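Okay, structure first, notes after.
FYI, it's all coordinate maths here, none of it is from the lab. Quantities reported herein were computed from a predicted structural model and do not represent experimental measurements. FYI the Cβ positions are ideal-geometry reconstructions off the backbone, even for glycines, and counts take in every protein chain you see.
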Amino acid sequence: MRQRAVIAMATVGAPDLLVADEPTTALDAERRTQVLRVLAEQREAAGAALLLVTHDLDVVREHADRVLVMYAGRTSELGPAKAVWNRPRAPYTAGLLASLPQDGPRRRRLPALPGTPPAPGALPPGCAFAPRCPLAADRCRTEEPEPRDVDGRLVACHRTDEVPADPVALFQEGRPA
Ligand code: SF4
C-alpha cells in the first residue's frame, strides 16, 4: 500500500518521465504484479515515459520496450528488449540470461558467473568484465570497448561476433575462463 501511495504521489504532478528504482524489490509475485500494474496505469494516465531500474529480468522481459544492460557503471548493451532477450550480443547480458531457470526439456544446472563484480573505485584496465568473461582476450584487458552499432543496437564488446546464440553455451561448466 505504501508503494502504491508513493507511485500516486510521483504521478500527481503529471511528469514527462517516471523513474522507478527497483520498484518490486522484496515483494512477492502477487504484490509485484500489482505494483507493476499500478505503475503502468499511472504512466498511461500521465502520458509519461517510464524508466525502470531493476535487477529482475522478468520485469524487463514483461514490461520494457528498450533495455540498457550495465556492468560496473558502463554500458554493456542497449537495444529493443525483445531482441536483446532473444539474442544477447554482449557476454555479460548472455551471462544474466544464462542464469535464469529454464522450463521443460531445456532444464539443466544453472551456470553462474565466475568471480565477483569489481569495486567501483578499482575497475580493472580495459573491459571491466574481462576478469569474469569466458571470451576475454589480451585486447580486452588493455582497451576499454566503446559502444558500437551491432544489428541496430549498441554493444560494448570487442568480441561480440563470438557470443553464441545460446547464452548458456558461453557459461557452461568446463569452459575456460
Ligand atoms: S570486451 Fe572482451 S572481456 Fe569485455 S565482454 Fe567483450 S569479450 Fe568479454
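On the beta carbon distance between Ser99 and Ala165, with R0 = 22 Å, the FRET formula returns roughly 0.85.
Each of Ser76, Ser99 has some number of other Cβ atoms within 10 Å of its Cβ, and from fewest to most they run Ser99, Ser76. Using a simple spin-label model with pseudo-atoms 7 Å out from Cα toward Cβ, Ala72 and Trp85 lie 2.9 nm apart. If the segment from Thr116 to Leu17 were pulled out straight at 0.36 nm per residue, it would be longer than the present Cα-Cα gap by 32.3 nm. Calculated FRET efficiency, Arg4 to Arg141, Cβ-Cβ distance, R0 = 41 Å: about 0.30 to the nearest 0.05.
Can you say what percent of the DSSP beta bridges in the chain, counting only those with both residues inside, are antiparallel? Round to 5.
Working: 11 of 16 bridges.
So the antiparallel bridges in the chain amount to around 70 percent.
Calculated [222 nm] ellipticity per residue, helices only, for the chain: -8500 deg cm²/dmol; basis is -39500 (n - 2.57) per DSSP H run with n ≥ 4, divided by all residues, nearest 500.
Take each complete run of DSSP H in the chain, measure how far its Cα atoms stretch along the helix's own axis, and keep only those covering 15 Å or more with mean Kyte-Doolittle hydropathy at least -1.0; list them.
29-46
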